[in-house]
Amino acid sequence: MSGPGAAAAASDRNAAIWYAADGFDPAARGINGRRVAGASFLKGYAAHAEADEIVGLVGNDADRAAFAAFVAEHGGARTVRTVSRFFPRKMAPLGTFHYPSPNFAAEVWGRARHGQAAYSICGITHTTASAAVMQGFYDLRMAPQADWDAVICTSQAVRASVLFQMELVEDHLKSQFAATLPARLQLPVIPLGVTCDDFLPDPPAGAALRARLGLGPQDVLFATIARLNPNVKFDPLPAYLALKAAQARVPGRRLHLVLCGVFTEDHGREVFHKAAVAVLGEGHVSFLDGADAAERRATLSGADVFLFPIDNVQETYGLAPVEAMAAGLPVIVSDWDGMKDTVTPEVGFRVATRTLTADMTVEEALRYHAGLDGYAHYCGTVATMTEIDLGELAARMALLAGDAGLRARMGKAGQARARALYDWRAVVPQMQDLWADLAARRRAGAAGARRYPAGALPMAPSPMALFAAYPTAQVRFGDERFAATDPASRLALGALIEVRGFATLKRMAQTEAHLGAVLAAIEGAGPAGIAAAALAQATGLHPTQAARCLIWLRKYGMIRPADRGAVTP
């Protein structure tokens, strides 16, 4: 296929990437699942997207440079283009942008001034347990979202969670307003991906780690790579208790656990260390720095089994087990959220989990909503009411510890599964299929889409509309003429900007260059002055820009109304 239709099809399958370093740079901003997943996605997309160019929506020059550099590193000779987030329609011919979070209600309202069908927005879930995300789903359903928008749910479990909350919001809207609701945005399930080649084992690094830990060839190393926080990631005690029970079932060989991760607080460090000694004694658990890529690589290369006993609602997918599968390790995980999708019997074991029923945990919801409990308290308290079957966990650990052949078969199957289903080479096309579907929906619904007045967005009205009752008057300047005041009576423009400290605002309502151009034109007009319309024409500025400069210069006494008596008829 060639010609305009082919070009449209190609642009439909591509999306601009809403880029800010906080969502894509774990090395600089701190390691967490959201940033690790964001960096992995951008690397995979740059490498595997069927796209003529990789487009970034950026907010500043630093992000512009970082985006271009990242794509150049991982996308080879691909064309890179960046667009200011304030002018998203300049991403054309692309008609969708990918947002690295489900919280994009503000972006939907930002689109409203261009029209609901101006473009599509596609977000993605990470944690959905925070109050901000829960509020975000409510705000998103209240915003002018459309069925040509989407939130990618990374697992069936998280989709069920999102859908449950969406239905609660919709029930409220129907009851409160007797409303006929517009179509809900799409909630497809597409997994997070990995670049499988990045996790190929490094045998020398693995052997060096085992030697460092004093492990012999018959000893079995269990490994976990995760954020080491007992309240917002996983409670280590069940893993320690299961390791102790498993060790008793496998005499004659040493079972050891390595936890490779980052402590985000001193409390977590104390819990992990003290509990390990209390349950297992000294020397059974080692801690490695998960911020060090070499340590993560050595962990996956030297381990025999990957252990991921998550009990926390903070988790929505579980990227680390997929990385372990790509490294050829058998996995033991809790039967929890995304692991229900990714871990199948041929690659490892999912250990049963149990929680209480909804009516028994109402207190936690209400205390969190009221601000009496914070995020860590909410997640940690819910986790204490989440059981991982300790007997089953210990039995699975003992089984794999005693059967090297089973470990090898599961590891090989996991590596094949990761490459077939979770490599970005397989995941990116699913995302591009989604974006093409959103484009088709957008075209079909464009005729009935609404466009909101730019100055009357309910979530972001023009300040001079919102506060119209405050001033004595509002002006457009019309044919009013302005002349410069005596330079000896005022500060120079640059000096005024400096002493006023406008640099701390980072962005002035009028640029110094525009102010200088308007002031120069007024000074050049002499005592007769110049009117706003002529001023815009003389400077090449839009009339609105000229008016913004005029009121600024008036505010600081740099110009005055012209002496009409000096005007030549």
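Quick note: the coordinates plus some simple rules give every number you see, no bench work behind them. Note that this is a predicted model, so its numbers are computed, not measured. Cβ atoms come from the backbone with ideal geometry, glycine included; neighbour counts cover every protein chain shown.
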Students often get this wrong: which residues of region 203-219 have the backbone nitrogen under 20 Å from the point 7 angstrom along Cα-to-C-beta of residue 249?
218-219
Stokes-Einstein diffusion coefficient of region 475-566, Kirkwood radius over Cα pairs, 37 °C, 0.692 mPa s, in µm²/s:
248 µm²/s
Can you tell which of 208, 342, 62 lies farthest toward the positive end of the dipole of the chain, using +1 and -1 charges on the Cβ of basic and acidic side chains (Lys, Arg; Asp, Glu)?
62
When the helices in the chain are scored as -39500 (n - 2.57) per DSSP H run of 4 or longer and the sum is shared across all residues, what 222 nm value do you end up with, to the nearest 500 deg cm²/dmol?
-14000 deg cm²/dmol
Could you go through region 299-316 in sequence order and give the Karplus-derived ³J(HN,Hα) for each residue, using 6.51 cos²θ - 1.76 cosθ + 1.60 with θ = phi - 60°, rounded to whole Hz, and x for Gly and Pro?
4, 5, 7, x, 6, 9, 9, 9, 10, 9, x, 6, 10, 10, 5, 4, 7, 10
Flagged links, alpha-carbon separation over 29 Å, of 506/555; 90/233; 274/340; 90/340; 244/340; 43/274
90/233; 274/340; 90/340; 43/274
Give me the Å³ per residue figure for the convex hull around the C-alpha atoms of region 148-250.
180 Å³
Using each residue's phi in region 276-291, evaluate 6.51 cos²θ - 1.76 cosθ + 1.60 at θ = phi - 60° and report the 3J(HN,Hα) Karplus result to the nearest Hz, with x for Gly and Pro.
4, 6, 5, 8, 10, x, 6, x, 9, 10, 10, 10, 10, 6, x, 6
How high is the relative contact order of the chain, in percent, with contacts defined as C-alpha pairs under 8 Å that are six or more residues apart?
14 percent
Treating every alpha carbon of the chain as one equal point scatterer without solvent, the Debye formula yields log10 I(q)/I(0) values at q = 0.09, 0.12 Å⁻¹ of -0.81, -1.18
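To the nearest µm²/s, what D does Stokes-Einstein give for region 395-551 at 25 °C and 0.890 mPa s, using the Kirkwood radius over alpha carbon pairs as Rh? Write down the numbers at each step before the final one.
On the way: Rh = 22.8 Å.
Translational D for this selection: 108 µm²/s.
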Under the rule of at least 5 residues apart or a separate chain, name every residue whose amide H is placed under 5 Å from the amide H of residue 194.
423, 424
Checking rank on 87-93, 519-525, with mean other Cβ inside 10 Å and highest first, the result is 519-525, 87-93
Amide H contacts under 5 Å for residue 123, restricted to residues at least 5 apart in sequence or on another chain and with H modeled in the peptide plane, are 99, 150, 151, 152
For residue 420 and residue 534, FRET efficiency with R0 = 60 Å and r from the beta-carbon atoms, rounded to 0.05?
0.30
Explain nothing, just compute: Karplus ³J(HN,Hα) = 6.51 cos²θ - 1.76 cosθ + 1.60, θ = phi - 60°, for every residue of region 133-149 in order, whole Hz, x for Gly and Pro.
6, 4, 5, x, 5, 4, 4, 5, 5, 7, 6, x, 5, 9, 6, 9, 10
Give, rounded to the nearest 20 debye, the magnitude of the charge dipole that region 475-566 has about its Cα centre when Lys and Arg contribute +1 at Cβ and Asp and Glu contribute -1 at Cβ.
340 debye
Would you mind putting 502-509, 167-174, 203-210, 249-256 in packing order, based on average other-beta-carbon counts within 10 Å, highest first?
203-210, 249-256, 167-174, 502-509
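Could you grab the relative contact order for region 424-569? Cα pairs under 8 Å, six or more apart, rounded to a whole percent.
It comes to 27 percent, rounded to a whole number.
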Sorted by chain and then number, the residues having a modelled amide H within less than 5 Å of the amide H of residue 82, at least 5 places away or on another chain, are 56
Provide the convex hull volume over Cα atoms per residue for region 196-422, in Å³.
121 Å³
